[in-house]
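The values are calculated or read from the model by the stated rules, or taken from the named source; none is laboratory data. As the structure is a prediction and not an experimental result, all values here were calculated from the model. When we count neighbours, we look across all protein chains shown, and the Cβ atoms used for this are built from the backbone with ideal geometry, even at glycine.
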């Protein structure tokens, strides 16, 4: 019985009104505001216009009073059933944020202190015939922080040391502090007879060429009155093909194995079909009556992490169904600052964007939430692997406190049981950056305490995983791994976070050594990526502006200009000069808001391309590149590839090329040789020819060479080397473009410049645009080389078939534009520009002759 939907909501000053008075069924709540469940307090206040939009200007500060109040939810439901002797009722809250006390018909049935997991209460004797009243009180977090030690390391809000809640609610370097409260997931009343399924674990034990062995285990919660022998009936279905198994339940545990002939395997989308069977498990009594049912999708696959190469060298490579893959993807943060009100469609859209950019892995970062089920279901469906952090990030946690640790153990147990059945789940990780940063801060004297929290990641979690999910690799932290006396960001073992670029970290570093940062043009430059020989880069990136529509929508009138106070407020990272230095080193420093949007996006896109192509060329010794970060939770300036309004930045469109399954890259530094490399992540060989063509900005051919190649499946092939002098033929390196194209269309065209943007002598170009409103397409042409052609539509959730591209002289490009919402695209607001061409609308181009 679903109890989600319309509830009532009101705030009180903490402790001013007795709880039993508000929780009483007779309490009059007629004048309370309506509230949606699932949801959150901020979203409800915004909907009722009781606060201004916290994402506009500095309104987040104006709404800070919300976290100081006591919030109450109330609802009623009718119960017209009855409970017989062996029947019982559970009231289930899938998500309560965070310190909550629950009342049913005026009686306190329990309290919670963990946002991140579900909470279940047996209410068989409390539910009455007819009308029932539920009341939920949420305390302000500050009340529970009294007399708690908060004098040790914790980034962004000391309260979160003790509070099991999404850490990013307290602010991060890409989002504001917005401390939420509310019933953020579904509520239901469940009736059981005799027994129910408390946990199910289905796993692939072994895959052979013609069969697969599947094991299904179920934990049973049986009524103390029931003494029957129960049984499990298991069915695995693929269309009309069905495999079944039955087994008795022994000691509240049922376990059975099934042999599946000619199994269809679950693959990441880039390697095959992410095929999903339908699994149904029925719990039955002695008469054969069904007591409870569990249904899920199930993918047959084997996944492991290889830590050693065949030649004995260190490795960190995911192996799926016997194939060593290159993990291409991004880090995932919560999709919204107000998680409870985020629609499922937002998850689907973001994950489909990731798939369309050839990503095959998402890392769920440890400062957010264990994601909603829709996230994992979509990753299963789309063929995206998941690196799953436990929710511990950038802080020390009080593992010396018994009550805190009981809360943590309950959380870890529930999370493992909830997520272990998803086919996409590839690895568990204990925390984000804590082991690494503890050493850094301890070495600098900033931390003088013991490593509080260490027992969570190195004892509690691995012990519970050994019991509940032993078949998946557990990695204690990210980054993690050191050889000898190197710190945990060691590039020669484990995974690495490359924050040399952007943060200017000086690496390598040994444990105990002082932390050094080089905040200079060279120190933060993305050219540092080529010095990185990591085995697996699980976090790296750089800032870029949000798109025009997103910024202009949320910045108050009169403040939408470069270096305004409101623009600065969009950037939550410390040391804003890092972004300036990155641009200064590559594009030059912007003078206007338009230049800032262009320069920051171009720098991010070209920088990520530079780094990822380097990592991919090193395959298999580097076997993964997960960009920080895919998405945004609010409209700010951040590392994201897709901004808050689901408008992709330039780096996203670049990713559709640099993450392509087959890619030919050009490796070059000014004055050095030019090396071509073929990267083939497909399992099939590729026979093709690459044409290398050097053109000047008027479109004249300076140099051309065709190279035939045969690339084996899942391989890297060093193809050919040229000297700069050979391909320039006396031309200035700042006046040519190098184009790599495929004869058979096996790989996307890849274009390069031999000098940084600021050193190039781009001509003044003119664009011509033709528009077809019936087909939502535009055609763009240029008379001379047009650099970074940008299509802007003043509308959220608009996707182009391509954007932020270069046009050769006389080249024509057809672009389809559509709305992710399925709405009509506002082509009236469409603007097309290039860095070396004026912005214009389609109606303004008719007089331009090319």
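Considering 259, 286, 282, the condition of being modelled with pLDDT under 95, more than 30 Å from residue 747 (Cβ to Cβ) and either touching a strand residue (DSSP E or B) at 6+ places or on another chain (Cβ under 9 Å) or crowded, with 16+ Cβ neighbours inside 10 Å (or both) is satisfied by 286 alone. What's the number of the only condition in (1) over 26 Å from the mean Cα position of the chain (by Cα); (2) under 18 Å from residue 397 (Cα atoms); (3) surrounded by fewer than 21 Cβ atoms within 10 Å (Cβ to Cβ) that residue 445 fails to meet? Here residue 445 clears every test but (2).
For the structure I just gave you, tell me whether residue 439 is touching a residue at least 60 places away in the same chain (Cβ under 8 Å) and either more than 21 Å from residue 578 (Cα to Cα) or out of contact with any strand residue (DSSP E or B) (no Cβ under 9 Å at 6 or more places or on another chain) (or both). Yes.
Determine, yes or no, whether residue 127 is surrounded by 15 or more Cβ atoms within 10 Å (Cβ to Cβ) and more than 32 Å from the chain's Cα centre (by Cα). Reasoning before the result, please.
On the way: surrounded by 15 or more Cβ atoms within 10 Å (Cβ to Cβ): yes; more than 32 Å from the chain's Cα centre (by Cα): yes.
Against the criterion (surrounded by 15 or more Cβ atoms within 10 Å (Cβ to Cβ) and more than 32 Å from the chain's Cα centre (by Cα)), residue 127 qualifies.
Filter the stretch 549-574 down to the residues that are in a helix (DSSP H, G or I) and touching a helix residue (DSSP H, G or I) at 6+ places or on another chain (Cβ under 8 Å), then identify the one that is surrounded by the most Cβ atoms within 10 Å (Cβ to Cβ). It comes out as 551. Taking the criterion of being surrounded by fewer than 21 Cβ atoms within 10 Å (Cβ to Cβ) and touching a helix residue (DSSP H, G or I) at 6+ places or on another chain (Cβ under 6 Å), the residues of the stretch 371-390 that qualify are 374, 382. For the stretch 411-424, the condition of being under 18 Å from the mean Cα position of the chain (by Cα), assigned by TED's automatic domain parsing to the domain that holds residue 379 and in a helix (DSSP H, G or I) holds for at least one residue.
Being surrounded by fewer than 22 Cβ atoms within 10 Å (Cβ to Cβ) and within 30 Å of residue 718 (Cβ to Cβ) is a description that applies to residue 531. Among the residues of the stretch 131-151, the one identified as more than 20 Å from residue 407 (Cα to Cα) and modelled with pLDDT under 95 is 151.
Applying a threshold of 6 Å to beta carbon distances and a minimum spacing of six or more residues, or different chains, the list of pairs starting in the stretch 65-88 at a residue that is outside the structural domain of residue 52 (by TED's automatic domain parsing) and ending at one that is assigned to a loop (DSSP other than H, G, I, E, B) is empty. Among the criteria (1) in contact with a helix residue (DSSP H, G or I) (Cβ under 9 Å, 6 or more places away or on another chain); (2) under 16 Å from residue 809 (Cβ atoms); (3) buried (at least 19 other Cβ atoms within 10 Å of the Cβ), the one residue 692 does not fulfil is (2).
Is it the case that some residue within the stretch 296-303 is closer than 13 Å to residue 421 by Cβ, part of a loop (DSSP other than H, G, I, E, B) and either under 28 Å from the mean Cα position of the chain (by Cα) or assigned by TED's automatic domain parsing to the domain that holds residue 211 (or both)? Yes. Residue check: residue 30 meets all listed conditions (1) on the phi < 0 side of the Ramachandran plot; (2) part of a loop (DSSP other than H, G, I, E, B); (3) in contact (Cβ under 8 Å) with a residue 24 or more places away in the chain but one, namely (3). Screening the stretch 706-736 for residues that are touching a helix residue (DSSP H, G or I) at 6+ places or on another chain (Cβ under 8 Å) and outside any strand (DSSP E or B) and picking the one that is nearest to residue 661 (Cα to Cα) gives 724. Here 584, 645, 595, 577 are screened, and the one residue that is touching a helix residue (DSSP H, G or I) at 6+ places or on another chain (Cβ under 7 Å), on the phi < 0 side of the Ramachandran plot, surrounded by fewer than 19 Cβ atoms within 10 Å (Cβ to Cβ) and in the same structural domain as residue 364 (by TED's automatic domain parsing) is 645. Considered as a group, the residues in the stretch 220-232 that are touching a residue at least 60 places away in the same chain (Cβ under 8 Å) and in contact with a strand residue (DSSP E or B) (Cβ under 9 Å, 6 or more places away or on another chain) include one that is nearest to residue 471 (Cα to Cα), and that residue is 220.
To keep it simple, each residue is scored yes or no on (1) closer than 18 Å to residue 414 by Cα; (2) surrounded by fewer than 18 Cβ atoms within 10 Å (Cβ to Cβ); (3) assigned by TED's automatic domain parsing to the domain that holds residue 401; (4) modelled with pLDDT under 95.
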residue: 449; (1), (2), (3), (4): no, yes, yes, no
residue: 484; (1), (2), (3), (4): no, yes, yes, yes
residue: 496; (1), (2), (3), (4): no, no, yes, no
residue: 512; (1), (2), (3), (4): no, yes, yes, yes
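Residues checked against (1) assigned to a loop (DSSP other than H, G, I, E, B); (2) surrounded by fewer than 20 Cβ atoms within 10 Å (Cβ to Cβ); (3) without any contact (Cβ under 8 Å) to a residue 24 or more places away in the chain; (4) under 23 Å from the mean Cα position of the chain (by Cα):
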site	(1), (2), (3), (4)
244	no, yes, yes, no
254	no, no, no, no
271	yes, yes, no, yes
294	no, yes, no, no
328	no, no, no, yes
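Can you tell which of 175, 199, 157, 171 is buried (at least 18 other Cβ atoms within 10 Å of the Cβ), at pLDDT below 95 and within 30 Å of residue 575 (Cα to Cα)? Lay out the reasoning, then the answer.
Values: 175 fails: at pLDDT below 95; 199 fails: within 30 Å of residue 575 (Cα to Cα); 171 fails: at pLDDT below 95.
Criteria check complete, one pass: 157.
Residue check: is residue 397 outside the structural domain of residue 169 (by TED's automatic domain parsing), in contact with a strand residue (DSSP E or B) (Cβ under 9 Å, 6 or more places away or on another chain), part of a loop (DSSP other than H, G, I, E, B) and crowded, with 23+ Cβ neighbours inside 10 Å? When the stated conditions are applied, residue 397 passes them. Those strands (runs of 3 or more DSSP E) of the stretch 737-841 in which 1 or more residues are in contact with a helix residue (DSSP H, G or I) (Cβ under 8 Å, 6 or more places away or on another chain) and surrounded by 19 or more Cβ atoms within 10 Å (Cβ to Cβ) occupy 750-752, 767-772, 777-782, 786-792, 798-800, 805-807, 812-819, 831-834. Entry remark, the stretch 57-69: residues being surrounded by 15 or more Cβ atoms within 10 Å (Cβ to Cβ) and in a loop (DSSP other than H, G, I, E, B) number 3 in total. Residues in the stretch 346-372 that are touching a residue at least 40 places away in the same chain (Cβ under 8 Å) and assigned to a helix (DSSP H, G or I) were compared, and the one that is nearest to residue 42 (Cα to Cα) is 346. Test residue 682 against the criterion of being outside the structural domain of residue 807 (by TED's automatic domain parsing), farther than 20 Å from residue 363 by Cβ and assigned to a loop (DSSP other than H, G, I, E, B), and give yes or no. It is true that residue 682 is outside the structural domain of residue 807 (by TED's automatic domain parsing), farther than 20 Å from residue 363 by Cβ and assigned to a loop (DSSP other than H, G, I, E, B).
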